[in-house]
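Where a number appears in this text, it was derived from the coordinates with a stated rule and is not lab data. In this text the structure is predicted, and so the values were computed from the model without any measurement. Because the Cβ atoms are built from the backbone with ideal geometry, glycine has one as well, and the counts that use them run over all protein chains shown.
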């Protein structure tokens, strides 16, 4: 039986758990909002699935529940923050708000952030910028993790290093959220617990042999995720992954060259306002033309039509807001012990 929950109830539940764990009220509400937004868009490994491990890090003292980021550098269109291990979703929203405000004046604003906690689903942030007529790019890496092999290698060095971007058209925005590895640590971990297999040979074992067995990541020494493009074309994902490392660790000045502190999100956030370039109407005239050209392309066998990045996620979001959010089966059981510990009532299914 499929259980669905109202997004509002899930946000309230997540907020209550984080409040009870000692997080500042504003931060709790923002973290819960972003996690639920991930589930609304169908990213069920990066939505409320993350709440239980966030609560664990709160109890361990590895996630800072209070305070503000420290300003390392501040120029009109370029800022650097030390996030002091504050909640990643709250840091990203705060950085986006500043970047949007300054981009409206200077045309663009970039915020580099070091020492944030994990930032959840990148796609969950994009619409809050595109709805304001602006362009956004977010990149993140996690220096404590070495799961992705460089092309030609058999041991992990990088993280999946996602790149997300969004821009407006005359209709729905285009929303991109793509890892620079074929799959994510979250998906591999879930399939390993479920004794499942990956859809393809997306990993290499510790001998460098491609495999679909997630257990290869638990061997000693461990295997590694393949970069985007796999065995044959992984040089592309590898190159882009290195770019993300430079933007998210080089610019804020903190990363793999420093001591490991725990679950981390190093960040590069950039907002551009088309109004300061050719104008928003001129921008959307071009982006809408391309959107329509892609949609009108005759589909090949196996496809009913050509879609734009983010189209399916936005459709899922609208349906979930109407009919309720369908959580992955393992999520609510993982949160039940926390609800019991903090005396928080579980949300009732619709």
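Here are some notes:
- Cβ crowding within 10 Å, taken as a proxy for footprinting-reagent exposure, orders 300, 70, 85, 197 from fewest neighbours to most as 300, 70, 197, 85.
- For the stretch 68-216, alpha-carbon Rg relative to the globular expectation (2.2 N^0.38 Å, N residues): 1.22
- Rounded if a/c under 1.5, otherwise prolate or oblate - the chain, Cα gyration tensor axes: rounded
- Among 130, 56, the order by Cβ neighbours within 10 angstrom, fewest to most, reads 56, 130.
- Cα shape, the stretch 272-350, gyration tensor, a/c 1.5 rule: oblate
- Using 0.36 nm per residue and subtracting the Cα-Cα separation, the extra length available between residue 56 and residue 334 on full extension is 98.9 nm.
- Each stretch of four or more DSSP H residues adds -39500 (n - 2.57); spread over every residue of the chain, this sum gives -12000 deg cm²/dmol at 222 nm.
- Rounded if a/c under 1.5, otherwise prolate or oblate - the stretch 150-223, Cα gyration tensor axes: prolate
- For 116, 28, 278, the sequence from fewest to most other C-beta atoms within 10 Å is 278, 28, 116.
- Length-normalised contact order for the stretch 183-225 - Cα pairs under 8 Å, 6+ apart - percent: 34
- Taking N as the residue count of the stretch 183-225, its C-alpha radius of gyration divided by 2.2 N^0.38 Å amounts to 0.98.
- Highest-first arrangement of 8-15, 301-308, where packing means the average Cβ count within 10 Å: 8-15, 301-308
- Cα point-scatterer Debye curve for the stretch 1-84, base-10 log of I(q)/I(0) at q = 0.14, 0.17, 0.21, 0.25 Å⁻¹: -0.57, -0.77, -0.98, -1.16
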